[in-house]
Amino acid sequence: MRTWLIALTELGDAAVLVPLTLVLLLWLLLMRSPRGAAWWAIAVAGCVGLTAVLKVSFFGCPPTPELRSPSGHTSFSTLVYGAISFVTAIESTGFRRVIAIGSGISLILAIAAVPSLFVLEFL
């Protein structure tokens with residue numbers, strides 16, 4: 001079970017998310033949606049920039065001892081997998097739409113929660 005949890009949280013790693021982000025940008029450009037590609041680039045830059053600002057801000061004075069900085073992998077995962085889920089849900093109907101939204105939310109929550117479970121395990 002632990003191996004699966006580690007593999008799941010690795011989906012939030014930058015080594016997975018950065019290429020996936022570039023694939024989404026390329027897909028938008030190939031679909032001849034320059035406005036969509038521009039919005040995607042702005043969203044990614046905003047997410048990365050805001051996370052960086054929050055990391056710098058919270059490093060000096062963390063609100064709790066176990067929180068060292070906001071989770072970059074969670075914020076980036078929310079953006080990327082949330083966008084994929086959103087597009088899938090828009091293109092789906094009925095029960096498939098519910099599955100797309102539920103799967104996206106579950107994946108994002110799992111990526112966010114698994115590292116916290118490991119921290120609690122070692123305390």
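What the table shows:
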quantity: Residue in the range 65-79 that is aromatic (Phe, Trp, Tyr) and at pLDDT 90 or above present; calculated: no
quantity: So Ile99, is it at pLDDT 80 or above, part of a helix (DSSP H, G or I) and either within 14 Å of the chain's Cα centre (by Cα) or of a type in the set (Val, Ile, Thr) (or both); calculated: yes
quantity: Residue match in the range 17-25 (condition: out of contact with any helix residue (DSSP H, G or I) (no Cβ under 8 Å at 6 or more places or on another chain), farther than 26 Å from Ile99 by Cα and at pLDDT 75 or above); calculated: no
quantity: Given (1) loosely packed, with under 12 Cβ neighbours inside 10 Å; (2) in contact (Cβ under 8 Å) with a residue 60 or more places away in the chain, number of the condition Leu17 does not satisfy; calculated: (1)
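The values are calculated or read from the model by the stated rules, or taken from the named source; none is laboratory data. In this text the structure is predicted, and so the values were computed from the model without any measurement. Backbone-built Cβ (ideal geometry, glycine too); neighbour counts: all protein chains shown.
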